[in-house]
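The next block holds one structure in the form of structure tokens; read it before the comments.
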Ligand SMILES: Cc1cc2nc3c(=O)[nH]c(=O)nc-3n(C[C@H](O)[C@H](O)[C@H](O)COP(=O)(O)OP(=O)(O)OC[C@H]3O[C@@H](n4cnc5c(N)ncnc54)[C@H](O)[C@@H]3O)c2cc1C
């Protein structure tokens with residue numbers, strides 16, 4: 001792609017009626033099953049994920065199979081719909097392995113292009129919400145650096161650090177120099193050691209393989225672009241999670257500052273606060289355009305996708321962190337408490353800013369794509 | 001709304017082109033014919049330059065005309081008339097006013113300016129003190145006062161004017177809205193030199209200016225309500241056309257970066273990339289707004305776009321001056337000129353940097369726009385006010 005390339009088709013930046021319907025279904029499910037007290041109780045339990053919630057979201061609503069074609073057992077929808085689900089998951093900081101399993105692992109498998117055999121079979125299981133799979137790479141891995149994902153070799157020996165949602169996974173997709181392997185999480189020689197994560201709603205683990213066996217899904221040549229594509233979809237749709245998160249923070253802050261009184265006035269009538277919230281609103285509106293653009297590019301297979309994803313990540317990460325930080329500050333003391341959910345959002349936002357490439361690494365990608373080189 | 005669709009508009013546009021071939025028709029004649037064919041602003045009523053068609057279909061007409069090489073009405077030169085006077089006249093004018101003013105306004109034969117701001121009333125526009133007193137004998141209004149920062153007053157034939165008609169009422173209620181003839185005796189326009197060296201705006205002194213009652217817009221005392229229409233249109237001026245990537249101010253900076261490797265530093269690179277992303281995101285947000293309008297679901301985003309572009313223009317032009325280094329220390333021309341229109345891209349980086357400072361002041365300051373977003377979009381409580389029930393004449397000034 002050259003700097004002067006124009007998008008060929010105008011991106012559709014709106015939500016369709018079907019997407020709006022999907023949103024209200026997911027939102028009411030999450031309101032029911034994953035309100036703030038539930039999330040707080042969950043992060044203090046031994047099982048970070050609620051299997052009932054996952055079943056309702058992944059299987060009953062069919063959200064797990066949105067990206068998977070119908071003939072492989074999925075919904076045959078697209079990244080646009082998956083993005084809407086992620087907006088809602090961000091809005092409720094629900095602990096669910098959606099981004100890692102239903103997006104990154106699923107997209108990686110889809111990119112292998114197999115219509116039958118183990119890949120198709122696994123996709124069917126993922127689409128039905130019967131299994132969870134994660135790509136065994138460190139959570140911060142950027143799409144552009146996906147070659148760094150190769151942590152093990154030949155005999156499936158090695159260690160992968162900071163793998164998101166590995167604790168919830170039935171299957172680990174392990175990129176190696178030989179190719180991509182599917183390894184059962186409970187197979188001999190596999191240990192998944194939970195870490196204490198900053199973002200308690202998304203568990204991290206160290207995965208260690210010691211003479212473990214797995215199924216070879218693709219050779220190295222086919223695996224590399226597939227892993228890259230999986231991470232690209234992850235980074236692109238993470239922007240929608242960040243959007244939903246930021247939107248919750250803004251809405252809650254507006255609600256709270258209208259009700260809270262100090263100096264005989266609602267604090268939301270003080271201009272110093274109003275301007276900060278208006279500024280956040282502008283950022284959220286802009287983040288929505290960027291996130292929709294990335295989702296639409298992924299869905300339509302646009303040649304513009306790498307740029308659209310990098311722009312969305314470089315922008316939306318910062319907006320989410322800013323919104324969560326403002327949320328805490330404008331809530332005052334209550335924002336610092338464990339009971340109030342604001343901290344969950346800050347932890348998620350900050351971790352998301354590192355996930356699938358930092359804003360800085362996405363800026364580097366943009367510099368390359370747009371021919372704006374460093375000195 | 002009629003049943004006019006894109007195909008029908010295309011047909012009518014071709015008819016216009018066949019009857020008035022651009023190659024052999026004079027510019028003004030062509031524009032008049034276009035107005036009379038209802039293809040000027042298709043969402044306006046029939047007989048007033050439009051066809052009662054959906055606004056979203058204007059690009060169909062524009063594309064046909066551009067492809068045929070037809071002249072356009074130079075919307076930038078007549079921005080105030082087109083963007084502010086016209087919708088206000090359409091909304092509040094009498095039939096005679098609409099017939100008299102809209103056609104020459106659109107064609108560009110008559111340029112308009114906006115006599116709103118005063119030395120003592122900018123953001124607090126409703127505090128204005130210019131007086132309009134009605135004569136018993138003939139009902140004409142006699143206007144006295146001073147306006148300021150009036151863009152294009154030196155080229156304008158007409159002005160939209162707000163003046164106080166009842167100082168005994170609270171400030172918002174004693175205002176009326178007029179159309180002022182800038183060629184009338186008593187109207188004096190003095191250039192006001194600005195930060196860029198040129199005089200794009202003016203001071204306007206009004207001394208015993210006589211305005212017939214037939215040039216009042218809306219009822220006596222309802223001027224503030226009428227002005228709201230003008231101001232709303234001033235701020236939501238996102239056009240119907242798509243902006244290409246790097247279409248705004250970031251374009252020249254990105255080109256300089258590509259062509260002049262010797263200017264690159266690491267610090268500038270980081271800032272360039274960050275601003276590049278923000279410019280691209282603002283472009284996408286504008287595009288999303290456009291799609292919402294086309295889909296008939298206008299969102300409140302419009303109020304935010306001016307804020308975003310004001311900040312971006314300032315930061316990008318500031319970066320551009322620094323990127324140019326030694327060249328950035330120079331300025332093309334400090335001559336005091338009185339330009340017909342603002343041309344951001346035609347001048348150098350220093351000019352862009354200085355002129356863009358006005359983007360966060362003109363048409364409502366960024367602070368005032370943030371207040372509007374906070375109160376009208378987010379529903380945050382208004383500031384406590386102490387001027388609401390006090391007669392204007394009793395307010396402290
Ligand atoms: C290039 C340019 C062209 C213009 N063209 C025209 C024109 O054609 N016609 C016309 O009528 N006017 C025109 N204006 C005037 C413009 O509309 C006013 O300058 C503007 O509304 C601000 O008013 P002010 O200059 O009196 O500043 P003030 O209102 O005195 O503001 C000074 C500062 O105080 C801040 N402030 C004021 N009130 C508040 C508040 N409630 N809360 C927070 N902060 C506040 C402002 O944001 C600003 O930073 C033009 C101005 C410029 C710069």
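The values are calculated or read from the model by the stated rules, or taken from the named source; none is laboratory data. Keep in mind it's a predicted model, so treat the numbers as computed, not measured. Cβ coordinates were reconstructed from backbone atoms using ideal geometry, including for glycine residues, and neighbour counts include every protein chain displayed.
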Qualifying residue in the stretch B:293-307 (condition: over 22 Å from residue B:262 (Cα atoms) and away from chain A (no Cβ under 14 Å)): no
For residue A:292: the one exception among (1) over 30 Å from residue A:79 (Cβ atoms); (2) facing chain B (nearest Cβ under 9 Å): (1)
Boolean, residue A:212 is over 22 Å from residue A:328 (Cβ atoms) and assigned to a loop (DSSP other than H, G, I, E, B): yes
Residues located in the stretch B:246-263, provided they are farther than 14 Å from residue B:317 by Cβ, within 7 Å of another protein chain (Cβ to nearest Cβ) and surrounded by 16 or more Cβ atoms within 10 Å (Cβ to Cβ): B:257
Which numbered condition residue B:135 fails, given (1) more than 8 Å from the ligand (Cβ to nearest atom); (2) surrounded by fewer than 20 Cβ atoms within 10 Å (Cβ to Cβ); (3) more than 16 Å from residue B:209 (Cβ to Cβ): (3)
Residue in the stretch B:191-202 that is away from the ligand (no atom under 15 Å from the Cβ), surrounded by fewer than 22 Cβ atoms within 10 Å (Cβ to Cβ) and away from chain A (no Cβ under 14 Å) present: no
So residue B:354, is it away from the ligand (no atom under 16 Å from the Cβ) and out of contact with any strand residue (DSSP E or B) (no Cβ under 7 Å at 6 or more places or on another chain): no
Of all residues in the stretch B:92-121 being closer than 12 Å to residue B:160 by Cβ and not in a loop (DSSP other than H, G, I, E, B), the one that is farthest from the ligand (Cβ to nearest atom): B:97
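Could you please give the count of residues in the stretch B:146-190 that are in a loop (DSSP other than H, G, I, E, B) and either more than 16 Å from the chain's Cα centre (by Cα) or away from the ligand (no atom under 14 Å from the Cβ) (or both)?
16
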Sole residue being crowded, with 24+ Cβ neighbours inside 10 Å, within 11 Å of chain B (Cβ to nearest Cβ) and out of contact with any strand residue (DSSP E or B) (no Cβ under 6 Å at 6 or more places or on another chain), chosen from A:278, A:233: A:278
Residue in the stretch A:116-139 that is touching a strand residue (DSSP E or B) at 6+ places or on another chain (Cβ under 9 Å) and surrounded by fewer than 16 Cβ atoms within 10 Å (Cβ to Cβ) present: yes
Some residue of the stretch A:282-301 being surrounded by 22 or more Cβ atoms within 10 Å (Cβ to Cβ), under 25 Å from residue A:163 (Cβ atoms), in contact (Cβ under 8 Å) with a residue 40 or more places away in the chain and in contact with a strand residue (DSSP E or B) (Cβ under 8 Å, 6 or more places away or on another chain): no
Some residue of the stretch A:253-260 being more than 9 Å from chain B (Cβ to nearest Cβ), assigned to a helix (DSSP H, G or I), under 22 Å from the mean Cα position of the chain (by Cα) and touching a residue at least 40 places away in the same chain (Cβ under 8 Å): no
Conditions (1) over 18 Å from residue B:393 (Cβ atoms); (2) at pLDDT 95 or above; number of the one not met by residue B:136: (2)
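From the residues in the stretch B:358-397 that are assigned to a loop (DSSP other than H, G, I, E, B) and near the ligand (Cβ under 8 Å from one of its atoms), which one is surrounded by the most Cβ atoms within 10 Å (Cβ to Cβ)?
B:364
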Cβ pairs under 7 Å, 6+ apart, first in the stretch B:104-127 and within 14 Å of another protein chain (Cβ to nearest Cβ), second within 10 Å of the ligand (Cβ to nearest atom) and not in a helix (DSSP H, G or I): B:123/B:365
Residue A:180, sole failed condition from (1) touching a residue at least 12 places away in the same chain (Cβ under 8 Å); (2) surrounded by fewer than 21 Cβ atoms within 10 Å (Cβ to Cβ): (2)
Residue A:375 over 22 Å from residue A:98 (Cα atoms), in contact with a helix residue (DSSP H, G or I) (Cβ under 7 Å, 6 or more places away or on another chain) and within 14 Å of chain B (Cβ to nearest Cβ): yes
Qualifying residue in the stretch B:327-334 (condition: assigned to a helix (DSSP H, G or I), touching a helix residue (DSSP H, G or I) at 6+ places or on another chain (Cβ under 6 Å) and away from chain A (no Cβ under 11 Å)): yes
Complete set of residues in the stretch B:345-356 that are within 29 Å of residue B:190 (Cβ to Cβ) and either crowded, with 17+ Cβ neighbours inside 10 Å or more than 21 Å from the chain's Cα centre (by Cα) (or both): B:347, B:348, B:350, B:351, B:352, B:353, B:354, B:355, B:356
Members of the stretch A:341-372 found to be within 8 Å of chain B (Cβ to nearest Cβ) and within 14 Å of the chain's Cα centre (by Cα), listed by number: none
